[in-house]
Amino acid sequence: MTAIQLIASFIVTGRLHGVGIGSTLSEVDRAIPSSHVDVVDESGHSLRRDYGFLEFYFNPGPDWVVSGGALELHRLASGYERAEMWRQDMQVDLPQYLTWADLREELARTPDSPALAMTDQGDFLEYRAAATKVSVIVNNDHEERDSWVGHGDVWSVSLG
């Protein structure tokens, strides 16, 4: 599976490598065997698992349970070595930049693609799939690429 297919599948299903809202911490461990940092808030009421450009958020219970997450694709523009770890661990090559146009084309070819509602947020556009609780944030600041994402590039894909 290519990175763009993985991301399109995430938008369509609300799951990334099988992980989605309600997945337990142990399910995440089995699905994503990459190195990470766990950060528990002072009160012990939330956990953030950070893989560098991928994060999952958890609520406590008998087991920690996924409440959301985000693929922070903008971090790959200036820190592309993070993508190399993902390629080795998950066998998916992530691009340094991903354009919304390319992702939109892939979504058009993907069965059961949900409707996306667009909201203008100034320097960003949000395309939200309400059915799967996934949002694509696209850079809309009209800047060219350098060591950062440019106009029309996907900033992040979030769940929640």
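The values are calculated or read from the model by the stated rules, or taken from the named source; none is laboratory data. On a predicted model such as this, the values are computed, not experimentally measured, just so you know. When we count neighbours, we look across all protein chains shown, and the Cβ atoms used for this are built from the backbone with ideal geometry, even at glycine. The protein model used for the area step is the full one, side chains on, heavy atoms only, and it has no ligands, DNA or RNA in it. Shrake-Rupley method; radii C 1.70, N 1.55, O 1.52, S 1.80 Å.
Some notes on this structure:
- Conditions (1) part of a loop (DSSP other than H, G, I, E, B); (2) out of contact with any Gly (no Cβ under 7 Å at 6 or more places or on another chain); (3) open to solvent by less than 30 Å² (accessible area, probe 1.4 Å): number failed by Ser156: (1)
- Test: residue in the stretch 63-72 that is among the β-branched types (Val, Ile, Thr) and more than 13 Å from the chain's Cα centre (by Cα): yes
- Breaking point among (1) assigned to a strand (DSSP E or B); (2) open to solvent by 30 Å² or more (accessible area, probe 1.4 Å); (3) of a type outside the set (Ser, Thr, Tyr), for Gly68: (2)
- Unique match (being open to solvent by less than 40 Å² (accessible area, probe 1.4 Å) and more than 22 Å from Gln5 (Cβ to Cβ)) among Phe58, Phe124: Phe58
- Per-region count, the stretch 10-49, residues crowded, with 18+ Cβ neighbours inside 10 Å and in a strand (DSSP E or B): 4
- Exactly one residue out of Ala83, Ala77, Ala129 is in contact with a Phe, Trp or Tyr (Cβ under 9 Å, 6 or more places away or on another chain), open to solvent by less than 60 Å² (accessible area, probe 1.4 Å) and closer than 22 Å to Tyr57 by Cα: that is Ala83.
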